[in-house]
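First the structure, in the form of structure tokens, and then the observations on it.
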Amino acid sequence: MIKSSDIPIRLLITVLILIVLEVLASAFLPLFGLNKYMIPFNILIVLYVGFKLETPYLALIILSLQLVHSLFSIEGWEYGTIAGVLICIVIAYLRDLLHFTSSFITMLTTFIFQILWFLISSSLLYLKFDSFDYIVQKFWRFIPESIILSLLAPVFFSLLDKVWKTKGEGLMGSNV
């Protein structure tokens, strides 16, 4: 378990990583003609903290990440925060079952939880818009984005292991 006094500096470093990734994604994807795509690195970071951190401040960490992400996205921070907290609750219940030692399992589990993220956030958007049009359009963008994030997950989790000083073994092992 991480000490409360270590959270602010590690969160600041994580937020800086998120900002750099968001700037790079928003600058380079349009260069390649991918104007409608945006790699949601915030989801990968939220999944990481859900898998690796056991702290009562998890919801505040998720809120902080979503607020930073909202600077780069038109989607509201509230949907991501609700989805992130709900997913972390599911992860907390499944934590004892989620012992991974391979990159493939890390990628597969990340993909499954991204699908859960999409279902939760889409349900919230449906409640707001009362229409499936936006959700269907978002789904076709979600597939390639989530595949890319899943492929990046083992390396990205290893990087965040260094930032948060968590063990590479056990949950989401760093056997890349």
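The values are calculated or read from the model by the stated rules, or taken from the named source; none is laboratory data. Because the structure is predicted, anything quoted here is derived from the model rather than measured. Using ideal geometry, Cβ is built from the backbone for each residue, glycine included, and neighbour counts are taken over all protein chains shown. Note: areas computed on protein heavy atoms with side chains; ligands, DNA, RNA excluded. Shrake-Rupley method; radii C 1.70, N 1.55, O 1.52, S 1.80 Å.
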Practice problem: Out of the residues in the range 80-139 that are in a helix (DSSP H, G or I) and of a type in the set (D, E, K, R), state the one that is surrounded by the most Cβ atoms within 10 Å (Cβ to Cβ). | Solution: Lys138
Quiz item: For the range 1-23, which residues satisfy the criterion of being hydrophobic (A, V, I, L, M, F, W, C) and at pLDDT below 90?
Solution: Met1, Ile2
Quiz item: For the subset of the range 53-79 comprising residues that are in a helix (DSSP H, G or I) and at pLDDT below 90, which member is most open to solvent (accessible area, probe 1.4 Å)?
Solution: Trp77
Practice problem: Report the residue count in the range 20-48 for those that are part of a helix (DSSP H, G or I) and either surrounded by 19 or more Cβ atoms within 10 Å (Cβ to Cβ) or touching a helix residue (DSSP H, G or I) at 6+ places or on another chain (Cβ under 8 Å) (or both). | Solution: 11
